[in-house]
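Have a look at the structure below, then the notes.
Bear in mind that the values in this text are calculations on the coordinates, not laboratory data. The shown structure was predicted, so the numbers you read here are calculated from the model rather than taken from an experiment. No Cβ is skipped: glycine too gets one built from the backbone with ideal geometry, and neighbour counts run over all protein chains shown.
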Amino acid sequence: MRATITGIGVVGGFGCGVSALEMAAADNTVIPQKPFKIRTPDLQADISGFLADTTSLADFVPRKALRRIDHFARLALLGSYLAIEDAGLDENRRGRMGIVVATGYGSTCDTFDFLNTTLDEDDPCSSPIRFANSVHSAAAAHIAAFLGEHGPTLSINQYDMSVPLAFLAACQWLEEDRVDSVLVGGADEFSRAMGFYTQHLQSERKSGPPSEASVTQTPVGEGSAFFVLEKDSEEPSSYAHVDSAGVKAMNGSPYDMPPGALMIVNPGSCRTASFQLNTKCASFAHLYGHLPVGMAFDIALAAIMLKTGRRYPSGLAIDGDRRHETTPSRAVQGIDHQHIGCLKFGLAGDIGLVVLTSGQKRKDDRGSSQPVSE
Amino acid sequence: MRRLRPVAITGMGCLCAAGLDLPSCADFLFRGKRNPAPPSRLAVASSPPYPVFEVPDPFFDPTLLNHACRLRNSQLALMAVSEAIRDAGLDRRMLGAERVGICIGSSVDESIGNRVLRQSVAQAEIPVITPDHRFLLSNPAVHIAQEFELSGPRQTVVNACAASADAIGLAAAWIRQGICDAVIAGGVDELYQVTYNGFISLMNSDRTPCKPFDADRNGLNLGEGAAMMILETEELVRRRSKSPRAYVLGYGAASDAYHFTTPHPEGKGLRLAIMEALRAGSLNPEDMAFVNAHGTGTLDNDRIEAHVFHQLFPQAPFFSTKGYIGHTLGAAGAIDAVLTIACLEQGKIPGSAGFSTPDPELPVSPVSDVTAISGSIAISDTLAFGGNNSALVLGIEENGT
């Protein structure tokens with residue numbers, strides 16, 4: 001596998017674009033919004049979340065063209081345009097571009113709306129647009145159509161493992177010369193249903209172990225993080241190289257990580273608390289919220305850190321010997337500055353890992369063989 | 001696109017309205033009968049109901065499995081996997097000892113779990129399941145991994161109707177790139193109220209048995225089913241002294257970049273996908289013994305395919321399976337792939353059910369009767385919502401001759 005991240009586009013509760021994410025990471029805080037209230041005999045709660053604003057999509061696409069595009073696809077579209085702009089990748093340099101979209105929930109608002117009309121009202125003539133947008137591949141299709149890209153498109157829905165699998169597929173396409181570049185990323189949207197259940201989950205787990213409680217108390221998030229991947233490039237403007245990307249069962253062979261490398265762990269699963277990690281760990285979910293594709297934001301932060309050399313305070317320390325420590329604002333220090341791993345423990349007992357290497361490190365190692373994938 | 005190594009297929013399994021295993025499905029096609037009927041498990045508002053192709057009950061044999069499984073979608077998948085594993089001469093111990101991945105295409109997948117979620121939200125009840133549990137309950141790839149204790153990656157591709165053709169193409173890359181020793185690849189979709197009503201809302205469903213490529217075609221009938229294949233590395237095939245049953249010789253995918261629910265009027269994406277699949281196998285259009293068309297019976301799909309076939313495969317006979325088994329959506333690419341291989345093995349293709357009157361606007365028509373074919377390679381294509389187009393080139397000889 002030879003892939004280089006040459007552009008990043010992010011949108012979330014922290015704002016829009018790489019600089020907004022950097023600013024939030026430096027400030028170490030993002031304030032969640034409270035979008036709606038739930039009142040039932042058994043549950044009374046204000047559902048808070050990190051909500052994303054896609055207004056700036058109008059900078060790239062005429063508003064009129066967005067009329068039939070739902071919020072989920074707009075999130076993915078905005079992330080895509082920002083990544084391409086960040087990479088400075090005009091149509092002439094894109095070559096044949098592939099598109100890979102990871103999502104944990106898909107277009108939940110349209111899906112539930114369509115379910116309401118078809119199941120409650122038993123209406124066989126409900127909105128065809130809502131049905132079309134509820135199909136999980138809608139976001140990738142809209143991206144391809146707006147960009148005019150005829151390369152392969154792929155939508156992956158493996159819940160919390162969707163992002164590392166998307167990176168694996170993107171690197172495979174580059175390796176097999178199917179494409180010259182890949183737009184790969186993850187998107188999930190906030191919906192009443194997901195907020196409702198996250199709130200319930202939090203109220204259930206408040207009495208659980210400290211690390212588990214702090215994980216589940218992260219407000220639900222929405223947004224997208226997209227990347228332009230190109231074949232191995234030494235362009236000085238590039239962020240980092242993708243050394244490996246993969247998913248395997250937790251009971252399989254262990255992953256190899258360079259000693260001392262920083263590991264950004266995406267919480268979201270209580271399994272994190274019971275897994276021994278013999279390396280420095282950090283978490284940044286407090287910046288973007290709890291969502292299945294949260295790992296995509298970790299990869300963005302890892303790439304930014306490798307490019308700029310800056311380091312940001314972790315929101316949750318998960319050291320091997322202090323697994324239950326939850327120390328906000330704990331700066332990450334004393335690490336291997338050349339490698340960063342992004343790790344996700346899956347609900348179904350699998351582990352996803354994407355390892356990035358700085359451009360400088362890759363130059364030093366040129367000629368040596370690297371493990372290409374897990 | 002450079003030439004890619006063929007990937008061995010050592011076992012296959014299939015169940016759909018035509019039968020509960022691959023041999024019976026293939027035999028059914030050659031008998032020329034079909035049994036569409038009103039849906040028996042869905043509450044439908046339309047009158048009269050639109051016909052569908054359901055998998056006949058009982059199809060599920062829990063005695064084959066170690067774990068309980070109540071979800072129809074996963075039951076379909078597990079039955080097809082069980083057949084494929086038996087066909088490949090593998091057992092649970094062997095699967096556990098290798099790096100075995102799972103790559104499944106589905107359009108329904110987690111939407112099944114949404115039904116329960118939505119019900120609780122609508123009634124503002126304390127949830128009976130969470131989004132986490134929704135995923136665990138409704139993901140066939142997870143169920144297969146748990147049942148057979150597999151250690152490799154598990155992935156669900158949701159590229160709508162092209163999902164399982166893409167899953168097979170991706171799984172072949174996992175084998176070529178050494179990510180897995182073996183991969184269980186294929187697709188599954190059960191009949192589901194949302195897709196049933198969704199296609200009606202799009203006015204793409206036919207109230208009568210579908211008629212792919214016919215002058216009087218008027219839309220599709222939905223179906224359900226699953227098909228799985230076992231892909232293995234050369235090294236594992238050699239170590240097991242197993243003769244592959246067939247090969248994935250090429251895979252291509254391309255986007256129309258045109259419209260969400262309407263194919264490109266000139267079939268641009270489909271042509272690109274087919275050409276990429278042929279290049280991957282260093283093959284030419286004239287090497288194809290036949291084409292297994294997507295052939296849904298909708299006006300646009302069949303028109304686009306007929307024009308592309310006329311340009312690329314003017315001599316190759318083609319047919320559609322949809323008249324026998326309906327459109328199985330996310331499972332369609334995989335079901336067509338295993339049926340394509342079954343046809344190559346038998347040296348013949350079935351007549352295209354529902355086709356009787358050639359459409360004067362189409363430059364080519366499918367075969368209407370069982371037709372003998374010569375050659376060891378064929379191509380199966382799929383078109384999907386969102387303009388996803390995929391093509392698989394399959395052969396029963398490694399060198400494609």
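So for the stretch A:134-179, Kirkwood radius off the Cα pairs, Stokes-Einstein at 37 °C and 0.692 mPa s: how many µm² s⁻¹? Calculated translational D: 283 µm²/s.
Stokes-Einstein diffusion for chain B at 4 °C, viscosity 1.567 mPa s, with a Kirkwood radius from C-alpha pairs, works out to 62 µm²/s. For the pair the stretch B:271-307 / the stretch B:27-81, the C-alpha centres are spaced 28 Å from each other. Shape analysis of the stretch B:231-345 places it in the prolate category; the axes a ≥ b ≥ c from the Cα gyration tensor give an a/c of at least 1.5, with a/b above b/c. Spin-label model, residue A:67/residue B:370: points 7 Å from Cα along the beta carbon direction are separated by 5.4 nm. Name the shape class, rounded, prolate or oblate, that the alpha-carbon gyration tensor gives for the stretch B:345-399, where a ≥ b ≥ c are the square roots of its eigenvalues, rounded holds for a/c under 1.5, and otherwise prolate holds if a/b is larger than b/c and oblate otherwise. It is oblate, given that a/c is not under 1.5 and a/b is not larger than b/c. Centre-to-centre separation between the Cα atoms of the stretch B:211-255 and those of the stretch A:76-109: 29 Å.
Rounded, prolate or oblate: which one fits the stretch B:147-241, using the alpha carbon gyration tensor with axes a ≥ b ≥ c (rounded when a/c is under 1.5, else prolate when a/b beats b/c, else oblate)? Please report the intermediate quantities before stating the final value.
Working: a/c = 3.23, a/b = 2.47, b/c = 1.31.
Prolate, since a/c reaches 1.5 and a/b exceeds b/c.
Taking other C-beta atoms within 10 Å as the exposure proxy, B:143, A:150 rank A:150, B:143 from fewest upward.
State the extension gain, in nm to one decimal, for the chain segment bounded by residue B:215 and residue B:45, taking 0.36 nm per residue of separation less the distance between their alpha-carbons.
On the way: separation 170, 0.36 × 170 = 61.20 nm, distance 2.90 nm.
Going from the current span to full extension adds 58.3 nm.
Legend: calculated FRET efficiency, residue B:241 to residue B:66, from the Cβ-Cβ distance at R0 = 22 Å, rounded to 0.05, equals 0.20. Counting neighbouring beta carbons within 10 Å and listing from fewest to most, the residues B:264, B:307 come out as B:307, B:264.
The simple Förster model, with R0 at 41 Å and r as the Cβ-Cβ distance, assigns residue A:235 and residue B:282 a FRET efficiency of 0.80. Summarising the label geometry, the points placed 7 Å from Cα in the beta-carbon direction at residue B:259 and residue B:346 lie 3.7 nm from one another.
So what is the relative contact order of chain B, in percent, for Cα pairs below 8 Å that sit 6 or more residues apart? Spell out each step's value before the answer.
Working: 1060 pairs, mean separation 94.2, N = 401.
Relative contact order for chain B comes out at 24 percent.
Computed from label points 7 Å out along Cα-Cβ, the spacing between residue A:46 and residue A:34 is 0.1 nm.
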